[in-house]
Amino acid sequence: MSIPMSSPDITAAEIEAVNQVLRTPYLSIGPQLEQFERAVASYVGVAHAIGVNSGTSGLHLCMIAAGVSAGDLVITSPFSFVASANCILYERAIPVFVDVDPVTGNLNPVSAAEAAHDLNQGGRMAKRWLPRSMADAPRGKLKAILPVHSFGQPADMAPILETARQRGVMVVEDACEALGAEYRGQKAGTLGTAAVFAFYPNKQITTGEGGMVVTDSDQWAALLRSLRNQGRDVFDAWLNHTRLGYNYRLDELSAALGLVQMGRIEELLAKRERVAGWYNERLADLEWIERPPIVSTTTRMSWFVYVIRVRPPISRDEVMRRLAEVGIPSRPYFTPIHLQPFYRQRFGYQRGDFPVTEYLGDVCLALPFSSVMQEEQVDQVCDRLRAAVMAALGSAAPGSAP
């Protein structure tokens, strides 16, 4: 049977909701968006939700709201989708990478605290955290910390928030992969000054393309609503613009789809958890594979992807190649941001700069995963994964031990 890497979970209700919008005059910023925003805000437990056309757009607007500008510094993770660092560059600021926790792959709070201290001290202490090409360049202040909730598991937020409080900086949660996740009983998205969710087709819910910024700050909410709509404020007349803004609006068609999906959110999360459970059961005895770890501070995992770790000396890439040969798609997850060609060229990063991130980048492998995946499909993936691992083991260096 054909097994896609991921699939959206769409029913007749979503299709009808979109069709209804097509029969109305509202295709941009209308009643569907307002209802969708209220639904997300209510579910997360925040005062405001601001719909945008992507998670990337939401992260960019949060950098602006946090006062990040040219030369400023933002601490973040190199083990993420590239948008969590690109959003800092959009404001000509400097992403300051710190290595990640080896268990979760999330921002290491001890390293983040050390970096924040040294960056505030300046001089030689600050240089050790800065990209090679920026070490002697004029720079501004540390303005924010941007932790990423990778794979649907929250970062260890308590110490990160304490570091931010001590240094007087904002915390913006990249929760693009973590709608519904909980950290010590508190929902992801309620921990920082603001947070961003994304609704790409492989996410927990989808709007096709789209995202949502959530915050309890009235000031941030008003600014974000203006910024997403070309800089128009609520009191501006037609085609008057108070500030530089962007066309980051979420359209009514996408919002209608998202609104129905939010009505099914617990069903969708439960279905994803069930698929993850099938994988966990079938891979429990496969010695050379590590299943996704869940730490004690994660009181609810929101399964975005199912990412295994292929233990050396087996080659993750060889396993991936053997899976592809028998029709099973898989993906490296993630390629470290600092090793992306643009970041190497711009900042002078080299392999060895962030060893934990690089190790995870070498061994992590995302398997096919979605809420519509069937148990027989999981069986097929696991059977072929087992065969691929054993074949790769046979070609690994002789005498290797786990």
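Bear in mind these aren't lab numbers, they're just calculated from the coordinates by the rules spelled out. Remember, predicted model here, so these are calculated numbers, not experimental data. Heads up, the Cβs are rebuilt from the backbone with ideal geometry, glycines too, and the neighbour counts pull from every protein chain shown.
Which Cα, out of Val46, Leu22, Gln32, lies furthest along the positive dipole direction of region 12-263 (beta carbon charges, K/R +1, D/E -1)?
Val46
Convert each backbone phi in region 382-394 into a coupling constant with the Karplus relation 6.51 cos²θ - 1.76 cosθ + 1.60 (shift: θ = phi - 60°), then list the ³J(HN,Hα) values in order as whole Hz, x for Gly and Pro.
Those phi angles translate into 5, 4, 6, 5, 4, 5, 5, 5, 5, 5, 5, 4, x Hz.
Would you kindly work out the equivalent ellipsoid of region 1-121 from its C-alpha gyration tensor and give its semi-axes, the square roots of five times the eigenvalues, largest first in whole Å?
Values: eigenvalues 258, 85, 38 Å².
Semi-axes from the Cα gyration tensor: 36, 21, 14 Å.
Please list the radius of gyration and Dmax for region 259-313, considering alpha-carbon atoms only, with Å as the unit.
Rg and Dmax of region 259-313, Cα atoms, are 13.7, 46 Å.
Given only helices, namely DSSP H runs of n ≥ 4 each adding -39500 (n - 2.57), what is the per-residue ellipticity at 222 nm of the chain, to the nearest 500 deg cm²/dmol?
Details: 14 runs with 160 residues, N = 402.
So the helix-based figure for the chain works out to -12000 deg cm²/dmol.
On a C-alpha basis, how far is the centre of region 90-136 from the centre of region 17-45 in Å? Whole number, if you could?
39
Among residues other than Gln121 whose Cβ falls under 15 Å from its Cβ, what is the net charge (Lys/Arg +1, Asp/Glu -1)?
Working: positive: Arg124, Lys127, Arg128, Arg139, Lys141, Arg167; negative: Glu114, Asp118.
Charge balance in the 15 Å sphere: +4.
Please give me the summed charge of the neighbours of Leu227: other residues whose Cβ is under 11 Å from its Cβ, Lys and Arg +1, Asp and Glu -1.
Numbers: positive: Arg225, Arg228, Arg232, Arg243, Arg249; negative: Asp233.
Taking every other residue near Leu227 into account, the sum is +4.
For region 48-63, just list the computed ³J(HN,Hα) in residue order, Karplus coefficients 6.51, -1.76 and 1.60, θ = phi - 60°, integers in Hz, with x standing in for Gly and Pro.
9, 9, 10, x, 9, 7, 6, x, 4, 4, x, 5, 4, 4, 5, 5
Antiparallel DSSP bridges in the chain: what percent, to the nearest 5? Before the final figure, lay out each step's value.
On the way: 26 of 40 bridges.
Of the beta bridges lying entirely in the chain, close to 65 percent run antiparallel.
With both partners inside region 103-209, how many of the DSSP beta bridges are antiparallel, as a percent to the nearest 5? Before the final figure, lay out each step's value.
Working: 2 of 8 bridges.
Antiparallel: roughly 25 percent of the beta bridges in region 103-209.
Give me the log10 of I(q) over I(0) for region 318-402 at q = 0.11, 0.13, 0.23, 0.25 Å⁻¹, as the Debye formula computes it from C-alpha points; what are the numbers?
At q = 0.11, 0.13, 0.23, 0.25 Å⁻¹ the computed log10 ratios are -0.44, -0.58, -1.08, -1.15.
Provide, in order from the shortest bin, the percent of all Cα-Cα pairs of the chain in each 10 Å bin, continuing until the bin that contains the maximum pair distance.
Percent of Cα pairs in each bin: 5, 22, 30, 25, 14, 3, 0, 0.
Counting pairwise Cα distances across region 206-330, what percent come out greater than 26 angstrom?
51
Ordered by packing density, taken as the mean number of other Cβ atoms within 10 Å over each peptide's residues, highest first, how do 127-135, 70-78, 357-365, 163-171 rank?
70-78, 357-365, 163-171, 127-135
Under a cut-off of 27 Å between alpha-carbon atoms, report the lysines in cross-link reach of Lys141, not counting same-chain residues fewer than 8 places apart.
Lys127
Given region 265-395, what whole percent of its Cα pairs are spread farther than 23 Å? Mind showing how you got there, number by number?
Numbers: 3283 of 8515 pairs.
The share of Cα pairs beyond 23 Å in region 265-395 comes to 39 percent.
Counting Lys and Arg as +1 and Asp and Glu as -1, what is the net charge of the other residues whose Cβ lies under 11 Å from the Cβ of Val326?
Numbers: positive: Arg321, Arg322, Arg384; negative: Glu325, Asp383.
That sum, taken over residues with Cβ under 11 Å, equals +1.
Enumerate the amide H contacts of Ser28 below 5 Å, restricted to partners 5 or more residues apart or on another chain; note that Pro and chain-start residues carry no placed amide H.
Glu252
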